[in-house]
Amino acid sequence: MGNVNNSSFQPAPPRGPHQGPLPWPPRPNNLAGAADGFVLVWPKYRRLVSGQAVASMCLGILAAPFMFMELIATIIGSLIFTLTVASTAVLLSTGGLVVAIRSLRELKRQPDAFKGRGMALTGLIVSVSVLGFAAFLLLIAALTASV
């Protein structure tokens, strides 16, 4: 066959500026300012997206189609369907409102650990809008219902 010790069968050398795995815990290069050789190293972490902020935005956006179905049910005049869809819209938007408030508090308490204020505000605004519009449509459905 051929020579088995061909250079194409040799493992590739490691790539990158460092050879091998990174040292853990990370050590600074300059130890001159350290007392007794001990240095306090604070690794820089990336801020996490708040899960509550994501949940509030998702609940608010998920409640919006139910509000539109409630509008259609109100126009059609089906009170049972209006109440069913309205209760779902109110439940989802109330959950989004509560989670948005909790998320904004979490973001205010730990600004270095979490991010996602825009998502929390979006969830808050959409949830309040859906709640208000759903209450308005329920009022219209109740006033126009023929008993």
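May I ask you to compute the full-extension gain from R47 to A142, defined as 0.36 nm times their residue separation minus their alpha-carbon distance, rounded to one decimal in nm?
That pair, R47 and A142, stretches by 29.4 nm at full extension.
Around I101, what is the net charge, scoring Lys/Arg as +1 and Asp/Glu as -1 over all other residues with Cβ under 15 Å from its Cβ?
Residues close to I101 contribute a combined charge of +4.
Every read-out reported here was derived from the displayed coordinates using simple, explicitly stated rules and does not represent laboratory data. Not measured: the values here are computed from a predicted model. Positions of Cβ are generated from backbone atoms using ideal geometry, with glycine treated the same way; all protein chains shown enter the neighbour counts.
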